[in-house]
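The values are calculated or read from the model by the stated rules, or taken from the named source; none is laboratory data. What you are looking at is a predicted structure, and each value in this text was computed from that prediction instead of being measured. Backbone-built Cβ (ideal geometry, glycine too); neighbour counts: all protein chains shown. Ligands, DNA and RNA are stripped out before the accessible areas are found, and what is left, the full protein with its side chains, is counted by its heavy atoms. Shrake-Rupley method; radii C 1.70, N 1.55, O 1.52, S 1.80 Å.
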Amino acid sequence: MELYGSYTSPFVRQCRIAFLQTALDFDFIEIDMVKSAELSPTQKVPLLVDCELQLTDSSSILTHIYEVAGEDFLSDVEEVELYHMTNTLMDAYVNLFMLAKFDGITPEKSLYLTRQQQRTQSGLVAMNNKKFSQALPLTNAEMRVAVFLDWATYRDLLSLKDLPNLQHLLTLANTDPIFVETAPVG
């Protein structure tokens, strides 16, 4: 299997973590935005190529990785909800980050981005109220949360100072050797 992506993408990172956790063989091929636009019909990363199968979304890639490994991906509706809630927040943060970085558009200049920013704030508060594992291993949904939080703090997009449950989850994740090994660098 070939996984295409960047080392800083949180979506790619969780796929890399899944490969390492399941011990499946894969090749990681680092690509940039230009190359992802050429290779992927969705013009984004990650992209997984497994023989004739081509997957363009991290959720379908993760599902495939765990199916091939003979493991469950998300175990119940609460884990599915946490996973997708995290996706919503991560998408909002990525929109805020990319539009500010490449186009200079901030929430002060856009009603849409104001809504995205409000979504991130209310979503983080709701997520902080959830109960998380107190020891490793994290569930796949908790790993999604930890990957998101690590990316957002790496990009200086949020502080966990007033979010103790989320801060504790990220601290716990940072005791996982695979989580640490896949941390963004740069």
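Taken over the range 19-47, the criterion of being closer than 21 Å to Asp91 by Cβ and not hydrophobic (A, V, I, L, M, F, W, C) is satisfied by Asp32, Ser36, Ser40, Pro41, Thr42, Gln43, Lys44, Pro46. The single condition from (1) assigned to a helix (DSSP H, G or I); (2) under 15 Å from the mean Cα position of the chain (by Cα); (3) surrounded by fewer than 17 Cβ atoms within 10 Å (Cβ to Cβ); (4) in contact (Cβ under 8 Å) with a residue 12 or more places away in the chain that Asp91 fails is (4).
All of (1) surrounded by 13 or more Cβ atoms within 10 Å (Cβ to Cβ); (2) touching a Leu at 6+ places or on another chain (Cβ under 8 Å); (3) of a type outside the set (S, T, N, Q) hold for Ala135 with one exception: (1). Taking the range 28-57 as the search range and keeping residues that are surrounded by 13 or more Cβ atoms within 10 Å (Cβ to Cβ) and hydroxyl-bearing (Ser, Thr, Tyr), which one is modelled with the highest pLDDT? If we take residues in the range 28-57 being surrounded by 13 or more Cβ atoms within 10 Å (Cβ to Cβ) and hydroxyl-bearing (Ser, Thr, Tyr), then Thr56 is modelled with the highest pLDDT.
Within the range 138-186, being open to solvent by 50 Å² or more (accessible area, probe 1.4 Å), without any contact (Cβ under 8 Å) to a residue 12 or more places away in the chain and among the hydrophobic types (A, V, I, L, M, F, W, C) holds for one residue alone: Val180.
Of the residues making up the range 69-88, just one is free of Cβ contacts under 8 Å to residues at least 24 places away in the same chain and under 22 Å from Ser9 (Cβ atoms), namely His84.
Looking at the range 115-186, the helices (runs of 4 or more DSSP H) lying wholly inside it that each contain 2 or more residues that are under 14 Å from the mean Cα position of the chain (by Cα) and of a type in the set (S, T, N, Q) sit at 140-154. Look at (1) more than 21 Å from His84 (Cβ to Cβ); (2) touching a Lys or Arg at 6+ places or on another chain (Cβ under 7 Å) and you find that Leu172 fails only one, number (2). Taken across the range 5-26, residues that are surrounded by fewer than 21 Cβ atoms within 10 Å (Cβ to Cβ), acidic (Asp, Glu), free of Cβ contacts under 8 Å to residues at least 12 places away in the same chain and outside any helix (DSSP H, G or I) do not occur at all.
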